[in-house]
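J.: Structure in C-alpha cells, see below.
Since every read-out is calculated from the coordinates, none of them should be taken as a lab result. Keep in mind it's a predicted model, so treat the numbers as computed, not measured. Cβ sites come from the backbone with ideal geometry, for glycine too, and all protein chains shown count toward neighbours.
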Amino acid sequence: MDFNLCKRIAENIGRVIVGKREAVDLLLVALLADGHVLIEDIPGLGKTLIAKALAKSLGGHFRRVQFTPDLLPADITGFTVYNQQSGQFIFQPGPVMTHILLADEINRTIPRTQSSLLESMEERQVTVDGKTYALPHPFFVMATQNPIELEGTFPLPEAQLDRFLLKVRLGYPEKQEEIAILERFQKQDPLKDLTSMGNPEDLVRLQEARKNIRLAPPVRDYIAELVRATRGHGALRLGASPRGSLALMRAGQAWAALKGRDYVLPDDIKLLAVPVLAHRLIIKEEERIRGATPEAVLEELLKQIPVSAPTD
C-alpha cells in the first residue's frame, strides 16, 4: 500500500504551519492508527490552526465545536424532537456526526459534557434516548486544550484521557520560524487556499493497510516490558493499562508506515513512548510536589529497559 498520501498531507499542512513537522507527523500517526489526538499547549501557538489545516487536507466532513462552560452533551451528540405532523420523534444529529471533529478547548467545559464524547471516541457511535446511531467512518477527534493550571479550565477525566491515542505539544517557535510566520500571514491567511489531498475512502484503506505492518516478537516484548514497568514505578499511582499497550503498538505501525517500512523497530516504540503513554500515567501527589512528571518517569524507564533489534 502506498502511504505517500500522508507525505502529501504533511507538505500541504506545511503551507500553513511553519515548522512543527514532528507534531504534524504525530497527528498523522494518530490518523493512520485510527485513534484520536489531544493537542495541549498555551493559547496562541497554533493548536486550532494546525487542526484546521489537517482537516482541510484530509477532505471529508469537518465540524468544529467550541467548548464552553455552558455546553451540554446534547449539543455534541444530538437530540430527538417531536414532529407534530408525523407524530414521531426525529433525531437531530449533533456535530459529532462527521468524519473529523475539532473539539476546540475541550477543557473549557464541564466534565459531564467532556464525557459525552467517550462513547463516540471508543465505539464510534452515539446513544440518544435509548437508540444507537453509528458514526461515519473514519471518525477522528482532534481536541485542543490549554494547560489545566490556567483559570477557567476543567481537567479531563482519566477515562477520557485514556481514549486519546497520543498527546502532542507544539512549543514556541524559533526566531526564524516566528519571522516566517509574520511573512506568511502578513497579507492573507494561507488556510483559505488549502485544498484537500484525499478523501475518507483513501484514509480507510490506509488504516486497513497499517494493520499489516509487521511486529516482530522482540518488539511486542519491548512494548509489554515498558508498559508493565509503569505499573510498578514508585512515583506512579496509576500506570498504563493494556489499552496503552495497544495504542503503542498501533502508533508504532503507523510510524513505520510513515517512514516507508513494513516493519516496526523497537526504536520506533522508544520514540513514541512519551506522546502515547505520558497522559495515561498518574503521578502520586507527594511525588508531583517534588517535581516528578510522567514524562520524566518514562524517560527513566526508557533508559533502564534495553532495546533489542528484531530479527527477520
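J.: Pull out all pairs, ordered by first then second residue, where Cβ-Cβ is under 9 Å, the residues are six or more apart or on different chains, the first lies in the stretch 122-139 and is touching a residue at least 24 places away in the same chain (Cβ under 8 Å), and the second is surrounded by fewer than 16 Cβ atoms within 10 Å (Cβ to Cβ) and part of a helix (DSSP H, G or I).
T.: V128/A74; L135/E123; H137/V204; P138/V204
J.: Right, another one. For the stretch 254-312: of the residues being among the aliphatic types (A, V, I, L, M) and free of Cβ contacts under 8 Å to residues at least 24 places away in the same chain, which is farthest from L156 (Cα to Cα)?
T.: Looking at residues that are among the aliphatic types (A, V, I, L, M) and free of Cβ contacts under 8 Å to residues at least 24 places away in the same chain, I get L271.
J.: Does any residue of the stretch 167-188 turn out to be touching a His at 6+ places or on another chain (Cβ under 9 Å) and either surrounded by 11 or more Cβ atoms within 10 Å (Cβ to Cβ) or of a type in the set (G, A, S) (or both)?
T.: So far as the stretch 167-188 goes, yes, one or more of its residues are touching a His at 6+ places or on another chain (Cβ under 9 Å) and either surrounded by 11 or more Cβ atoms within 10 Å (Cβ to Cβ) or of a type in the set (G, A, S) (or both).
J.: Read through the list (1) more than 28 Å from N12 (Cα to Cα); (2) assigned to a strand (DSSP E or B); (3) among the hydrophobic types (A, V, I, L, M, F, W, C), then give the number of the only condition that M142 fails.
T.: (1)
J.: Take residues that are small (G, A, S) and surrounded by 17 or more Cβ atoms within 10 Å (Cβ to Cβ) and tell me which of the helices (runs of 4 or more DSSP H) falling wholly in the stretch 235-312 contain 2 or more.
T.: 242-258
J.: Return the only residue of L226, L238, L258 being out of contact with any helix residue (DSSP H, G or I) (no Cβ under 7 Å at 6 or more places or on another chain) and of a type outside the set (S, T, Y).
T.: L238
J.: Also: Being among the polar types (S, T, N, Q) and within 14 Å of the chain's Cα centre (by Cα) is the filter here; which residues of the stretch 1-51 pass it?
T.: The answer is T48, and nothing else.
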